[in-house]
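*Asks:* A single structure is presented below for examination.
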Amino acid sequence: MKLEGIADLPLHTGHVPTWLAQIMKRLSKAIIDIMVIEWGPEKVVERLSNPLWFQGFNNIIGMDWDSSGSTTVTLGILKEVVKPVEEGIAFLGGKGKNAIKVPEELYILSKKFDLDYEKLVRASRLVAKVDSVLIQDSHTLYHHSFMVTTTGKWGIIQQGMNIETRFARRYHWKETENFVNEPHSGIAGTKQNLAINVVEKDKENTRKLIVDLVKENPSNVVTQVRRALSMLKGQTTLDSFNKAFNIVISPQAKLIYMRPMDLNKIQNILQQLYEYNPSNLEEVLLNGLGPSTARALYLVADLIYNEPPSYTDPVNYPYDPFKYAFASGGKDGIPFPVNRKVAWEVIYTLEDIIEKAKLERKDKDFALNKLKEMVKYGNKERS
């Protein structure tokens, strides 16, 4: 079932006041600790990978119910308060320059826990590429948070911004072996009329064609790009070509591909890919394909080979879980200002539950260890 609906993430400025930050930190840690005790760290990553659950979580801790900052602030808090040794989860990366620190942070983490470093770094790089190259929706990525348990289960939350519309969108991933065929667990944001979308399920021919094109002589591919651009501009010398191959130039193609292209740069990228000789689209992404070169290939796929990408925006966020903002209020005063007294009562209650649960677990572990010792001692006595 495909989820449909709306959700706005306007770009907000400002900061979280100190008193509220303390509430959000304590409440976040308490909720995560309870989830870890109840379900384990893997389930926490799975839940946060769901855009609806994530939005509800950030509403509960008092963040603006519809703000782009709900992503950056909430994940920044989780990175600070959740400890791998205690909860079994690490939050890596973040906003801006922190986003590119994921490989470095994963390397440090892999020295403490038995993690497949190369596999996790590959996943991080692929996800960033997919949401900027295979999906081109006018949102520039500026946030990349990598969640991973000490057993290696991972999830990723990315956010992009559109400066013109002043809206953001969030891309959610949970552990997968498939990165190019509808791989997201959800994309949250405001649906727009037009985007390039090559991860749509029925675009397998387009994905295969892109791999074939980068294996061709780069000069020949650039020639095809020039031909497609000429067709796009409606030059009369190509009217017979259009009629012969029954090419229909779609309005979407005209809107998307009329931006200037640096064909010299594109040829250099294609040369690099040609020399690498990738066997699949994932290798193409990891070895140099960027948004502008990809856009040139999509144009060729559309106008020369009649295998266009989808132009449907992939946002599939079904609803705003605004009701969770009623738990203790929101930073922006919607639906009402954060009630400090209620928030701290909730925190103390949750922390008390956590301590009791930890004590019960220790008691159970102590009893089980004693029982094992008794059985072991009894066996020795009999022997």
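The values are calculated or read from the model by the stated rules, or taken from the named source; none is laboratory data. These numbers were taken from a predicted model, which means no experiment stands behind them. Cβ: placed from backbone, ideal geometry, glycine included. Neighbour counts: every protein chain shown. For the accessible areas, the whole protein counts, side chains as well, though only heavy atoms, and no ligand, DNA or RNA atoms are used. Shrake-Rupley method; radii C 1.70, N 1.55, O 1.52, S 1.80 Å.
*Asks:* State yes or no: is residue 132 modelled with pLDDT under 95 and either within 30 Å of residue 203 (Cα to Cα) or open to solvent by less than 20 Å² (accessible area, probe 1.4 Å) (or both)? Lay out the reasoning, then the answer.
*Replies:* Values: modelled with pLDDT under 95: no; either within 30 Å of residue 203 (Cα to Cα) or open to solvent by less than 20 Å² (accessible area, probe 1.4 Å) (or both): yes.
It is false that residue 132 is modelled with pLDDT under 95 and either within 30 Å of residue 203 (Cα to Cα) or open to solvent by less than 20 Å² (accessible area, probe 1.4 Å) (or both).
*Asks:* Restricting to the range 83-106, and then to whatever is part of a helix (DSSP H, G or I) and touching a helix residue (DSSP H, G or I) at 6+ places or on another chain (Cβ under 6 Å), can you tell me which residue is modelled with the lowest pLDDT?
*Replies:* So in the range 83-106, the residues part of a helix (DSSP H, G or I) come out as 84-87, 96-106.
So of that shortlist, the ones also touching a helix residue (DSSP H, G or I) at 6+ places or on another chain (Cβ under 6 Å) come out as 87, 102-103, 106.
Numbers: 87: 94, 102: 98, 103: 97, 106: 98.
Among residues in the range 83-106 that are part of a helix (DSSP H, G or I) and touching a helix residue (DSSP H, G or I) at 6+ places or on another chain (Cβ under 6 Å), the one modelled with the lowest pLDDT is 87.
*Asks:* Is it the case that some residue within the range 284-292 is within 27 Å of residue 193 (Cβ to Cβ), assigned to a loop (DSSP other than H, G, I, E, B), at pLDDT 95 or above and not hydroxyl-bearing (Ser, Thr, Tyr)? Steps first, please.
*Replies:* Residues of the range 284-292 that are within 27 Å of residue 193 (Cβ to Cβ), as a first pass: 285, 289-292.
Filter once more, keeping what is assigned to a loop (DSSP other than H, G, I, E, B): 289-290.
With at pLDDT 95 or above added as a condition, the list becomes 289-290.
Right, trim to not hydroxyl-bearing (Ser, Thr, Tyr) and you get 289-290.
Yes, because at least one residue in the range 284-292 is within 27 Å of residue 193 (Cβ to Cβ), assigned to a loop (DSSP other than H, G, I, E, B), at pLDDT 95 or above and not hydroxyl-bearing (Ser, Thr, Tyr).
*Asks:* Given the conditions (1) buried (at least 17 other Cβ atoms within 10 Å of the Cβ); (2) more than 29 Å from the chain's Cα centre (by Cα), which single one is not true for residue 214?
*Replies:* Of everything listed in (1) buried (at least 17 other Cβ atoms within 10 Å of the Cβ); (2) more than 29 Å from the chain's Cα centre (by Cα), residue 214 misses just condition (2).
*Asks:* Given the conditions (1) surrounded by fewer than 13 Cβ atoms within 10 Å (Cβ to Cβ); (2) at pLDDT 95 or above; (3) touching a helix residue (DSSP H, G or I) at 6+ places or on another chain (Cβ under 9 Å), and given that residue 254 satisfies all but one, which numbered condition is not satisfied?
*Replies:* (2)
*Asks:* Being more than 30 Å from residue 205 (Cα to Cα) and in a helix (DSSP H, G or I) is true for just one of 118, 80. Which residue is that?
*Replies:* Values: 118 fails: more than 30 Å from residue 205 (Cα to Cα).
Being more than 30 Å from residue 205 (Cα to Cα) and in a helix (DSSP H, G or I) holds for just one of 118, 80, which is 80.
*Asks:* In addition: Can you spot a residue in the range 136-144 that is of a type in the set (A, V, I, L, M, F, W, C) and open to solvent by 10 Å² or more (accessible area, probe 1.4 Å)?
*Replies:* Going through the range 136-144, the residues of a type in the set (A, V, I, L, M, F, W, C) turn out to be 141.
From what is left, the residues that are open to solvent by 10 Å² or more (accessible area, probe 1.4 Å) are 141.
Within the range 136-144, one or more residues are of a type in the set (A, V, I, L, M, F, W, C) and open to solvent by 10 Å² or more (accessible area, probe 1.4 Å).
*Asks:* So, of the residues in the range 162-180 that are over 8 Å from the mean Cα position of the chain (by Cα) and open to solvent by less than 50 Å² (accessible area, probe 1.4 Å), which turns out to be farthest from residue 43 (Cα to Cα)?
*Replies:* Just the residues of the range 162-180 that are over 8 Å from the mean Cα position of the chain (by Cα), to begin with: 162-169, 174-180.
Subset that is open to solvent by less than 50 Å² (accessible area, probe 1.4 Å): 162, 168-169, 176, 179-180.
Values: 162: 32, 168: 27, 169: 24, 176: 15, 179: 21, 180: 24 Å.
Looking at the filtered set, the residue picked out is 162.
*Asks:* So, one more: One residue is enough: does the range 72-83 have a residue meeting the conditions open to solvent by 10 Å² or more (accessible area, probe 1.4 Å) and more than 30 Å from residue 355 (Cβ to Cβ)?
*Replies:* yes
*Asks:* Where in the range 140-197 are the strands (runs of 3 or more DSSP E), entirely inside, with at least 1 residues that are in contact with a Leu (Cβ under 6 Å, 6 or more places away or on another chain) and either under 21 Å from residue 56 (Cβ atoms) or of a type in the set (Gly, Ala, Ser) (or both)? Spell out how you get there, then give the answer.
*Replies:* Details: elements: 140-149, 154-162, 167-174, 186-188.
Of the strands (runs of 3 or more DSSP E) lying wholly inside the range 140-197, those with at least 1 residues that are in contact with a Leu (Cβ under 6 Å, 6 or more places away or on another chain) and either under 21 Å from residue 56 (Cβ atoms) or of a type in the set (Gly, Ala, Ser) (or both) span 140-149, 154-162, 167-174.
*Asks:* Oh, and also: Of everything in the range 65-117, what is free of Cβ contacts under 8 Å to residues at least 24 places away in the same chain, under 30 Å from residue 167 (Cβ atoms) and among the basic types (Lys, Arg)? Give them in sequence order.
*Replies:* Listed by number, the residues that qualify are 97, 101.
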